[in-house]
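The values are calculated or read from the model by the stated rules, or taken from the named source; none is laboratory data. This is a predicted model, so every value here is computed, not measured. Cβ placement follows ideal geometry from the backbone for every residue including glycine, while neighbour counts extend to all protein chains displayed. Only protein heavy atoms, including side chains, enter the accessible area calculation; ligands, DNA and RNA are left aside. Shrake-Rupley method; radii C 1.70, N 1.55, O 1.52, S 1.80 Å.
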Amino acid sequence: MSKSYKIIVVESSPLLVAGLKHMLSGHLSYDVVAVLESTEKLHDKLISLKPDIIIINPLLIDYTKRFMLKSMLLKTPPVVCIALVNAYVEPAVLKQYHGIIGLEDGKQKIEAKLREALQNDHRNEQKDNYELSDRERDVLIAVAKGKMNKEIADQLHISIHTVISHRKNISRKTGIKSVSGLTVYALLNNMIDEREVK
């Protein structure tokens, strides 16, 4: 007997939810265990239900946190994240997801996308340590304060190559590549004060 995958859907449109549930109904491999209209209770549901997949509308995530999907899921069981897109979403935001379902996708295409995401099973990535090391925090704080790689290297008494390596690790762990995104991350995590941002 094949495994049944538990799914949480996070979407505020009852019409979209009903359509998605209809397309997945009758497929023994997928079981929608919860539907949430917002991300407010998502963390608690991830802990209690331990789903295999979240299908979520990225626009329901607060704008300041849209680029921080990995960080939002840090203290939850590993899960495959699929974006449910019904309007324009920045490509950089969508890169964080393991798959994308669009309004034009039919039943077979949705099932194929879910199957592909599960086969690639990115959940093991999340088991990696996504906590920043002390040195990575130092580099992130310096980046958020507007310092260049050479300045950071001089300040922390490390080579530019080490700074670049730390920055790659920070981007991998946070899922954020832009300086502005890292600055927002540092502000939200109380690593820096707004007055310190150039």
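Checking each residue in region 63-103 for being in contact with a Lys or Arg (Cβ under 8 Å, 6 or more places away or on another chain), outside any strand (DSSP E or B) and either free of Cβ contacts under 8 Å to residues at least 24 places away in the same chain or open to solvent by 40 Å² or more (accessible area, probe 1.4 Å) (or both) picks out LYS70, MET72, PRO78, GLU90, ALA92. Taken across region 104-114, residues that are surrounded by fewer than 16 Cβ atoms within 10 Å (Cβ to Cβ), in the same structural domain as ALA18 (by TED's automatic domain parsing) and in contact (Cβ under 8 Å) with a residue 40 or more places away in the chain do occur, with at least one present.
Evaluating LEU16 against the criteria (1) among the hydrophobic types (A, V, I, L, M, F, W, C); (2) assigned to a strand (DSSP E or B); (3) open to solvent by less than 60 Å² (accessible area, probe 1.4 Å) leaves one unmet condition, (2). Checked across region 36-58, the condition of being open to solvent by 10 Å² or more (accessible area, probe 1.4 Å), touching a residue at least 40 places away in the same chain (Cβ under 8 Å) and in a strand (DSSP E or B) holds for no residue.
The residues of region 142-176 that are assigned to a helix (DSSP H, G or I), open to solvent by 40 Å² or more (accessible area, probe 1.4 Å) and under 20 Å from ARG195 (Cβ atoms), listed by number, are GLU151, GLN155. Within region 19-35, the set of residues being of a type in the set (A, V, I, L, M) and not in a loop (DSSP other than H, G, I, E, B) comprises LEU20, MET23, LEU24, VAL32, VAL33, ALA34, VAL35.
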